[in-house]
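Notes follow the structure.
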Amino acid sequence: MSRPILSAKTKQPINIGIVSAYDHSAHGGVRDHVQNLAEELRSWDYNVKVIAPCSKKESISDLDFIPFDRPIIVPSGGSWARVSVSLWNRRRIETMLKNEHFDVLHFHEPLAGTLPINIIALSNSINIGTFHTYGGHKAYRVGLSRLANPYFKKLHGKIAVSEPAKQFISQYYPGEYNVIPNGVNISFYSKAKPINGYQDDYTNLLWVGRLDKRKGLRYLLEAYGTLKWDYPKLRLIVVGPGEPDGDCYRIISERNLQDIVFVGSVSDEIKASYYKTADIYCSPATGNESFGIVLIEAMAAGTPIVATNIEGYSSVITDESNGLLVPPKNPDALAIAIERLLKDTSLQRRLASKATKDVKQYDWSKVTDQVLKVYKKHLNTNIVDNDTVEIKKRPIVWSI
């Protein structure tokens, strides 16, 4: 742990505001990233406030959370995003910025929804933006991205969570980006305890994520249906919010699939226990994944992985080294890869052992150290001048 960065004015650790575009009361990759980064920074003696839209304020236990606006649901990259579209919070933002005296404002998806944009427009702090997505909203592809250029230009530092995320955002907003991955609390997952109810003579196959089409559950169900004939003691556990779509229900019904457990949304603690319960973790996403937090969670838990060979996932998993990669939308290839692990426990051990070594690079202490280096660089080299970029008083609506 390096020495904290001190404010030039107060000689105390800098004040940091972490701004998320997404509903902070709904589980998701960006929300988890924001909360974990905030907690890690606080453990390093920094003063950190999290600022985000929030649909259920009572569900947030973080005393340093500042809720803004009620989010609405908008389509985004084959999934759904809960973001703010409010234009009427300017005065409240001005008051917050005046009271908090942030040295650094770190925006996660800085051009998604209106909350980050409204804060960027009024910020006199060092502004850092982290871009998480790959694929994005169709607004990018029809040329509306240039409307957000004035706000992008107010970002002093830019971060992408992976090379695919960097390549995607660079098409629309060229610039210098630091690639800093998502993090994982390794000990949290490695020390989790399996769930007793599943410790029987069944083999547990696990799927974790939102039940969106692009997460590919239907292809895993097809693979499971193929395997179930030869492996009647195989169980599929599905963890995550949402409802199976029509294709999923059709596959289950047509094949009369048994031993499938839909768990629903769970706490982080219970989710970690499911990773420990699993014999094999499978993530059959079809695309638009910038990284794959679920992969590093499974790696930290020591669970062997089968995943699709898509952008984002292939930057985390190396085929035949720390996991098995198969083509997307290919249930036959999924079934073959899963069966290899079912038949070969030594392969399971080898993949899991390599994964537990590789995942160390994603430990939150290392990720946070990289983020702090970006803060320090721009605190030392930038003079914040609101006159350098002209921002209209009424920010545009920008939802991705």
Checklist entry - Would you list Arg91, Arg70 from fewest to most Cβ contacts within 10 Å? => result Arg91, Arg70
Next on the checklist: Once you keep just the Cα pairs under 8 angstrom separated by 6 or more residues, what percentage relative contact order results for segment 186-361?
Outcome noted: 25 percent
Next on the checklist: Counting other beta carbons within 10 Å of each residue's own, what order do Trp44, Trp364 fall into, fewest first?
Outcome noted: Trp44, Trp364
Checklist outcome for this item: Given pairs Lys213/Lys357; Lys57/Lys366; Lys166/Lys373; Lys191/Lys276 and cut-off 20 Å on Cα-Cα distance, the over-length ones are Lys213/Lys357; Lys57/Lys366
Next on the checklist: Per residue, how big is the convex hull of segment 186-361 when only Cα atoms are used? Give it in Å³.
Outcome noted: 102 Å³
Checklist entry - Under a straight-distance cross-link criterion of Cα-Cα below 23 Å, which lysines are reachable from Lys56, leaving out those fewer than 8 residues away in the same chain? => result Lys271
Checklist outcome for this item: Pseudo-spin-label distance Lys373 to Asn256, built 7 Å along Cα→Cβ, given in nm, is 5.9 nm
Item to check | Neighbour-limited loop hits for trypsin sites (Lys or Arg not before Pro), segment 154-192 (at most 16 other Cβ within 10 Å; DSSP other than H, G, I, E, B) | outcome: Lys191
Checklist entry - For the chain, what is the percent of antiparallel DSSP beta bridges, rounded to the nearest 5? => result 15 percent
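Every number here is computed from the coordinates shown, using simple stated rules; none is lab data. Remember, predicted model here, so these are calculated numbers, not experimental data. All Cβ positions, even for glycine, are placed from backbone atoms using ideal geometry, and neighbour counts span all protein chains on display.
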